[in-house]
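K.L.:
Got a structure for you, written out below as structure tokens; questions coming shortly.
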Amino acid sequence: MLKMISPRYFWKICLALFQVLVVCSAMAQTPGYQKITWDDLLNEEWYQQMKKDMASYGRMAFLKDGSEEAEKMMASMRKKLDEAPISNKYINQKIRMPGFVVPLDAVRNGQREFLLVPYFGACIHTPPPPANQIVLVTPHPNLNLSKPLESMEVIWVEGELKEARTKTASGVSGYALEAIQVYPYKALHNTKK
């Protein structure tokens, strides 16, 4: 037997559903943007070669810090990381990807450039990752962030991925992206590819 609900209760339910829809639409992804991962940005040939090269770098553990041999080996490794080739698979495509924020300046507004990196502490507490694992992000002029992004904040960014090797004080990026949207990571972490 069906029970009739009061008009007042009906409108409360409608209002609650409307509020859920508004919140969900605020966290909605921009249509037409493909979700990618950090592995998608690796150049496969370079990656395979680096795995082989890392075996020879393992002997660095036995070198004295600051020795000429250790410094040469570190410089050689840093050069390979900074010159890491990119993957062209997603160049000039609309992408969505997560990462950690590394601010490049002290400007406290939504228009500050930043590096997007794959793990916590990169470029700040640890050396920078390879250039093919750093994205220079420039917020689109029409992007309105609700608050300034903080160092190591975890976010999703959406925009068109470009090839752009850029040297900054925090690291060398192999990619650039003009962000049309920035979301907190928790808002989209359950989305599928």
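Just so it is clear, none of the values below were taken in a lab; they were calculated from the coordinates. This one's a predicted model, so the numbers in the text were calculated from it and none came from an experiment. Here the Cβ is made from the backbone with ideal geometry for all residues, glycine too, and neighbour counts use every protein chain on show.
K.L.:
If we count every other residue with Cβ under 14 angstrom of Leu136's Cβ, Lys/Arg +1 and Asp/Glu -1, where does the sum land?
P.N.:
Numbers: positive: Arg112, Lys162, Arg165, Lys167; negative: Asp82, Asp105, Glu113, Glu160, Glu163, Glu178.
Neighbour charge sum, excluding Leu136 itself: -2.
K.L.:
Right, next: Return the percentage of antiparallel bridges among DSSP beta bridges fully within region 116-191, rounded to the nearest 5 %. Please report the intermediate quantities before stating the final value.
P.N.:
Details: 12 of 18 bridges.
DSSP beta bridges in region 116-191 are roughly 65 percent antiparallel.
K.L.:
So if each residue of separation counts as 0.36 nm, and I subtract the Cα-Cα distance between Gln111 and Asp53, what length gain in nm does that give? Working shown, then result.
P.N.:
Details: separation 58, 0.36 × 58 = 20.88 nm, distance 3.93 nm.
This chain segment gains 16.9 nm when fully extended.
K.L.:
How much length would be gained if the chain were fully extended between Val154 and Ile180, taking 0.36 nm per residue of separation minus their Cα-Cα distance, in nm to one decimal? If you can, show how the numbers build up before the last one.
P.N.:
Numbers: separation 26, 0.36 × 26 = 9.36 nm, distance 1.67 nm.
Computed gain between Val154 and Ile180 is 7.7 nm.
K.L.:
Please work out the Cα center distance from region 115-163 to region 51-88, rounded to the nearest Å.
P.N.:
First find each Cα centre; the distance between them is then 25 Å.
K.L.:
State the extension gain, in nm to one decimal, for the chain segment bounded by Glu44 and Lys167, taking 0.36 nm per residue of separation less the distance between their alpha-carbons. Intermediate results must be reported in sequence, preceding the final value.
P.N.:
On the way: separation 123, 0.36 × 123 = 44.28 nm, distance 2.27 nm.
Length gained between Glu44 and Lys167: 42.0 nm.
K.L.:
Step through the table entries Lys51/Lys79; Lys35/Lys162; Lys147/Lys167, compare each Cα-Cα distance with 21 Å, and write down the pairs that go over it. Intermediate values should be presented prior to the final figure.
P.N.:
Working: Lys51/Lys79 16 Å; Lys35/Lys162 15 Å; Lys147/Lys167 27 Å.
In this structure, Lys147/Lys167 exceed 21 Å between Cα atoms.
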